[in-house]
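To keep things clear, I will list the structure first and then write my remarks on it.
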Amino acid sequence: MFTVLITIILILAVLLILVILGQNSKGGAGAAFGGSASQIMGVTRTGNVLEKATWVLAISILVLSLASSAFYTTSQPNQFSSPNIESAKQQVVAPAFGEPQNALPAVETPVEGDTTGN
């Protein structure tokens, strides 16, 4: 049902774009770029129909968007599932509170009878 609602919303959104592009300009910035010619030849009757269609489409998209949230379900409670996350949960890292560790490198002392040459 969710997929059907989203498909209908997308179709209505495309229709809304086409209806808005088909409307006559009412002045503003469009008049500065030659919008006055469309006002002379345009028909005022179609403007009312397109304006009503814009409102109907916009309200229907809003209602369907709110209705689609009722049908949205998640299949997993945790959407971020990965084998790396699962293995990280299994590993336990405990802090060592024993003797303090020295950050300096260890100095090797030669041992008697060492044949390695150090």
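The values are calculated or read from the model by the stated rules, or taken from the named source; none is laboratory data. Quick caveat, the model's predicted, so the values are computed rather than measured. A quick note on method: Cβ atoms are made from the backbone with ideal geometry, for glycine too, and the neighbour counts reach across all protein chains shown.
Report whether or not GLY27 is in a helix (DSSP H, G or I), at pLDDT below 80 and either among the β-branched types (Val, Ile, Thr) or surrounded by 10 or more Cβ atoms within 10 Å (Cβ to Cβ) (or both). Against the criterion (in a helix (DSSP H, G or I), at pLDDT below 80 and either among the β-branched types (Val, Ile, Thr) or surrounded by 10 or more Cβ atoms within 10 Å (Cβ to Cβ) (or both)), GLY27 does not qualify. One residue is enough: does segment 32-40 have a residue meeting the conditions more than 30 Å from VAL4 (Cα to Cα), at pLDDT below 85 and surrounded by 14 or more Cβ atoms within 10 Å (Cβ to Cβ)? Looking for residues that are more than 30 Å from VAL4 (Cα to Cα), at pLDDT below 85 and surrounded by 14 or more Cβ atoms within 10 Å (Cβ to Cβ), one finds at least one in segment 32-40, hence yes.
Out of the residues in segment 46-72 that are among the polar types (S, T, N, Q) and within 15 Å of ILE8 (Cβ to Cβ), state the one that is modelled with the lowest pLDDT.
Across segment 46-72, the extreme among qualifying residues is SER69.
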